[in-house]
Amino acid sequence: MNARTILTVVVSLVIAVSWAGAEEIAGLPLHVQKIDDGVLRLWVGDHISSTAITAFATDKGIVVVDTVGVTEIDTGLRRVIARELGRSDFAFLINTHEHPDHTGGNSVYADCTIVGHELVAAGMAVAAGHRDRLLTWQTDRIAEQEAELKTLDGDSPDSAALAEDLALNRLLLGQLETSQESLPPTLTFSDRMTLDLGDTTFDLSYIGGMHTASDIAVFVPEHGLLLTGDTMADVWLTDTPGCLASFMVRDRMAHDFPRWLANWDRLLAERDRITTLLPGHWNGELSIAGAEARVEYVRTLWDGITQAAGEGMTMAEVQTEYRLDVRFPELVDSPGFNPQLNFASITELWREITSQASAARTIYTLLDEGGEDAEIRKVLADRDSESPGYFYSEAEFNAYGYALLQQDKADAAVTMFRINTELFPDSWNVYDSLGEALLRVGDTDAARAMYEKSLTLNPESPTGNEALKTIRDGAAAS
Ligand SMILES: [Zn+2]
């Protein structure tokens, strides 16, 4: 054994000893952070994007914000909180939003008042309805991860991260299998609520619509803390940001942006009293400047789109005007932003402001569910009505067409792209996309015609020229 090998062995032994000494819950490493006097932040795992819960010692009992969603872990964390604070008078649990990785451990606090937004219960019921699908998904995922783990070097960081994720997924599967009913909040509010616990105040505000319908912010002025759930982060500490991955206006979700903006303005007016912002997962951080930039982003879109719709601008013009790189260059590389999310946010705000639905999404759903041609034609005919109930976005039709192609629904994709050529006959790209789908269904002649049409509109198109060359080479070879 040379000197270097001996050193490696000694170092490994030291690491092993310190790990063996570290506390674990359900086989996962425990982290306890003292944030302030009588305030703890706790989570499990070194790699996974797990929920960070916060516990406050107050005059009127212990207040916990959020749960991890695995009974074994939440029971363990409750025990650690009691031990670290030296008391066990748990009084309140606050849910920052409806997601199972925040509410799934509510039953561990059944003896407490559980506080949350009035929409949390509905969100929890929807999640419970997906239980069977989740069971299958989780079982498959575990099998995939077990197979992948065998291919990795056991000492590598990738292997450690995967092993941890696998351990959590097994716990989540166990949670699903025992089908424990989780408790919805017992004390709810719609806009604002204040919990006065003597020496500590909890100022709760609705900020829903950017992550779930039931997002709230929890401001605790005596400790200078603002807890923002999973709504935003401007630093990711790991490369798998999980729930903090996207800052966007969600579709098919209740939201009220004037109220959202008013509540954020009120919270940010307290900036001098806020020392720390706490996102709902340990691997994200948020600064005041980051929160302000995100609020201003929403305000710019909300005000701008409201005005644009009033002036008769089209959806396509608005998308161009508010492109991320054009209008928000400082957010291009910021956590939670990308051009697709920006596009989706604009689409959803447009829908909210104009009350028009997305024709592309409606037709995509019809195609996906095997809807009749007549139903699709009805959506398209609405375009000529006096006040159309839908908006028609070339980019959206194109994106949904590709989504269908990805799902191996090439016939439906052909229909989707063909509609786009009817709606936007002057765009070279719609023919190019249709050509691609026609190739997939084996209709080479029709595909060739579409690529030729696309090239008459845009002779320089590399995709069109390449595809035509491939088709011609194929024809020459056969
Ligand atoms: Zn969440």
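Side notes on the structure shown:
- Of the candidates Gly86, Gly116, Gly123, the single residue that is within 16 Å of the ligand (Cβ to nearest atom), more than 19 Å from the chain's Cα centre (by Cα) and not hydrophobic (A, V, I, L, M, F, W, C) is Gly116.
- Trp264 passes every criterion in (1) hydrophobic (A, V, I, L, M, F, W, C); (2) crowded, with 20+ Cβ neighbours inside 10 Å; (3) within 16 Å of the ligand (Cβ to nearest atom); (4) within 20 Å of Asp191 (Cα to Cα) apart from (3).
- Of everything listed in (1) within 16 Å of the ligand (Cβ to nearest atom); (2) modelled with pLDDT under 95; (3) closer than 30 Å to Ala55 by Cβ, the single unmet condition for Leu237 is (1).
- The single condition among (1) assigned to a loop (DSSP other than H, G, I, E, B); (2) over 26 Å from Asp111 (Cβ atoms); (3) within 16 Å of the ligand (Cβ to nearest atom) that Asp251 does not meet is (3).
- Of the candidates Asp203, Asp191, the single residue that is free of Cβ contacts under 8 Å to residues at least 60 places away in the same chain and acidic (Asp, Glu) is Asp203.
- Verdict on Tyr364 being over 19 Å from Val249 (Cα atoms) and touching a helix residue (DSSP H, G or I) at 6+ places or on another chain (Cβ under 7 Å): yes
- Test for Glu375: is it part of a helix (DSSP H, G or I) and of a type in the set (Asp, Glu): yes
Conditions (1) surrounded by 18 or more Cβ atoms within 10 Å (Cβ to Cβ); (2) touching a strand residue (DSSP E or B) at 6+ places or on another chain (Cβ under 7 Å), marked per residue:
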position	(1), (2)
Asp333	no, no
Gly336	yes, no
Phe343	yes, no
Glu352	yes, no
Ala357	no, yes
Leu366	yes, no
Gly371	no, no
Glu375	no, no
Lys378	no, no
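- Segment 45-79 - residue that is touching a strand residue (DSSP E or B) at 6+ places or on another chain (Cβ under 6 Å) and free of Cβ contacts under 8 Å to residues at least 60 places away in the same chain and, of those, surrounded by the most Cβ atoms within 10 Å (Cβ to Cβ): Val68
- Of the helices (runs of 4 or more DSSP H) that lie entirely inside segment 284-348, those containing 1 or more residues that are closer than 18 Å to Gly209 by Cα and out of contact with any Lys or Arg (no Cβ under 8 Å at 6 or more places or on another chain) span 288-310.
- Cβ pairs under 6 Å, 6+ apart, first in segment 85-105 and under 17 Å from Leu226 (Cα atoms) and modelled with pLDDT of 95 or more, second more than 16 Å from the ligand (Cβ to nearest atom) and hydroxyl-bearing (Ser, Thr, Tyr): Leu93/Tyr109
- Scanning segment 97-113 for residues that are near the ligand (Cβ under 10 Å from one of its atoms) and either assigned to a helix (DSSP H, G or I) or out of contact with any helix residue (DSSP H, G or I) (no Cβ under 6 Å at 6 or more places or on another chain) (or both) gives His97, His99, Pro100, Asp101, His102, Thr103.
- Test: residue in segment 187-200 that is crowded, with 22+ Cβ neighbours inside 10 Å and outside any strand (DSSP E or B): no
- Exactly one residue out of Leu324, Leu331 is outside the structural domain of Asn420 (by TED's automatic domain parsing) and either within 16 Å of the ligand (Cβ to nearest atom) or under 18 Å from the mean Cα position of the chain (by Cα) (or both): that is Leu331.
The values are calculated or read from the model by the stated rules, or taken from the named source; none is laboratory data. All of these numbers come straight from a predicted model, not from anything done at the bench. Note that we place each Cβ from the backbone using ideal geometry, even for glycine, and neighbour counts take in every protein chain shown.
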